[in-house]
1. Which value in nm describes the separation of the simple spin-label points at I106 and D356, placed 7 Å from the Cα toward the beta carbon?
2. Reachable lysines from K130, Cα under 18 Å, same-chain residues fewer than 8 places away excluded?
3. What residues from the stretch 468-507 fall in the zone where the backbone N is under 19 Å from a label point 7 Å along the Cα-to-C-beta line of K622?
4. Taking the Cα centre of the chain as origin, work out the dipole magnitude from +1 charges on Lys and Arg Cβ and -1 charges on Asp and Glu Cβ, in debye rounded to 20.
5. Suppose a student asked you for the relative contact order of the stretch 399-553, using Cα pairs under 8 Å spaced at least 6 residues apart; what percent would you report?
6. Amide H to amide H, which residues 5 or more places from S38 or on other chains are under 5 Å from it, using H placed in the peptide plane?
7. Would you kindly derive the ³J(HN,Hα) couplings of the stretch 551-566 from the backbone phi angles with the Karplus curve 6.51 cos²θ - 1.76 cosθ + 1.60 (θ = phi - 60°), listing them in order in whole Hz, with x for Gly and Pro?
8. Quick one: L155, L108, fewest Cβ neighbours within 10 Å first, how do they rank?
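Taken together, the values in this text are just the output of simple stated rules run on the coordinates, not laboratory data. These numbers were taken from a predicted model, which means no experiment stands behind them. Here the Cβ positions follow ideal geometry from the backbone for every residue, glycine too, while neighbour counts run over all protein chains shown.
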Amino acid sequence: MFDLVNRRKHIVQIILGLAVLPFLFWGVESYRDMSGESFVAVVDGEEIPRREYEQALRDHHERMRAMLGQNFDSAMFDTFEVRNSVLERLIQQRLLYREAANNGFIVLDSQLVKAIRDIPAFQRDNKFSKQQYEELLQARGLTPTIFESRVRQELLLQQFLDGYSENGFAPKTVAENVRYLSEVQRDISQLQIDPEQFLSQMIPGEADINAYYEQHKTDYDLPERIRIEYLVLSLDAVAKNETVAEEAIGNYFAEHKDVFSQPEERKASHILVSLVPDASEDEKKIAREKAEKILAEIKQHPEEFAEIAKENSDDPGSAARGGDLGFFGRGVMVKSFEDKIFSMQPDEISDIVETDFGLHVIKLTEIKEENQLSIDEVRQQIEDKLKLQMVEGIFGELVEDFSNIVYEQNDSLQPAAEKFELTLQQSDWITRNSTDPYFLANNNLVLAIFSDNSIVDRHNTEAIEVKPDTFVAARVIEHKPASSQSLEVVRDEIIAKLKKIMAEKKAVEDGEEKLLRLQAGENIDVDWMEAKQVSYMQSQGLDHETLRAIFRAQTDKLPFFIGRVDQNGGYNLIRINKIVEPQHPEEVKDDSFNKQLQQMITQEELSSYLSALRKQYDVKVKQID
């Protein structure tokens, strides 16, 4: 989406409890209470507490939920890749903050005060309200000291990173060449020679089968396997067994009504004519004339707003969606832009609105009125929260009792199951690399269940925390050691493998023979697929290396033929029919492309800088579950 967001958006999001990555830091004061807490990484001697990591995960999920709405699926984000990316961002934050401090960057008290006073969420009647400031912080469980520490660090990092974000440079010649390469196309035809068509003809010899087995015998070894029974003790499971009085639910709702209100949101679309703040008078005049022309066209055909936005808007993110910016509340957009939208009626078209980003024509498409949720709508949410509060204080004692029982009565999990009313569950056959059940992602538990103590002595494992507030104790009930499989057992697998190898070789030989004949000028019968146009920006399903081969091919004499072994082991025969030159873009579009290229260069430079920092400082990462 076009970056209409105010430069203080990150600080506003801290207030709202959203994730502010990669710039949100916990205040120094908050670390001092966590010396005994577990951590997920250590950056140059400074621990990243598990609590901070877990909060960052929750913030990331909430941000995705807000972005995707009904399309949000928590399972999509409950993966190792997501968890690892969140941790990496926290590490990057630490590295950048250390660099900023080491290079002498500071934030003056006057800068801090101004930044906080300028946050719309803390204002009443366009003036800073100390009462509203304190109330909002209290509602989010923050003290002014911790919040101001976070804002100071946020401003410090913005100051430090401005050296990258404001100094990206792409020479005009480079930008023109990159733009040309991104838009020029090749008209091609293809013939896919699939190994499948040769498969039935391939018959491996007995000697080949025996030789392959001897060379790859270990590939067919069966790994060590076990079956286990296990108990899961979790905070959520314990909480579900609690009972909450109706009076407690009502009291909580009455005390937190503001939490269960949904502020007014508006949905709008816009068309941007970009204009830099220090533009010359001539540039301003050209942009104004273009914006007025667009506005006149929209007033004549308001139903075509989306199509006009796609063709004319300089906002590359929203233009493709017809200018749609989605729903947003107050305090998110630039003030002049926001004030206009919140003064409009649905389907109304604005006059030209000027911001630091340029000139806008805006259409308000929908309004979500402020809504106070009823107690019935949030009853389950409140009940779940109160249940967790009821057991949080005693869960540590429960875990200790659970650990003692599975350790002291180590020949059975049944006593622990009966005392804590837990279901004793069993797994299928699992190996050291299994991922189901989910807790096998925890390396400590895998080491425990595959130890001699579990396999030979058949003792319970200790209670191991596999994720926050979730403990598992397991017991091996059946074990099979690693074993080799004879040739007769795996014979069919080997034959199928050899036939595939032989068919792929045949497909490549056939393709290379056809290519040589075509390059020699022979007129051979080739059933070419329908022609299509490809470019670096529109690959049409081709992999990058094939695209590079197409664009490196000689084009002084067409058609020209090339061939590539494809990712499936077959052969891709390609005829380059013609070059499709790009149309000369408008100057405004050139400027927009140059800015995007500069942003890409800036991002690459920052990425390289972060990689260098990672090597410069001592970073140790614990396993994340």
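1. Those two pseudo-labels are separated by 2.5 nm.
2. In chain and number order, the partners are K114.
3. What the label zone holds, given the 19 Å backbone N cut-off, is 468-473.
4. Numbers: 74 positive and 114 negative charges, 248 e Å.
Dipole about the Cα centre, nearest 20: 1200 debye.
5. On the way: 98 pairs, mean separation 23.5, N = 155.
Dividing the mean separation by the residue count of the stretch 399-553 yields 15 percent.
6. R50
7. 7, 8, 5, 5, 10, 6, 9, 10, x, 10, 10, 9, x, 9, 6, 8
8. Details: L155 23, L108 10.
So the ranking, lowest neighbour count to highest, is L108, L155.
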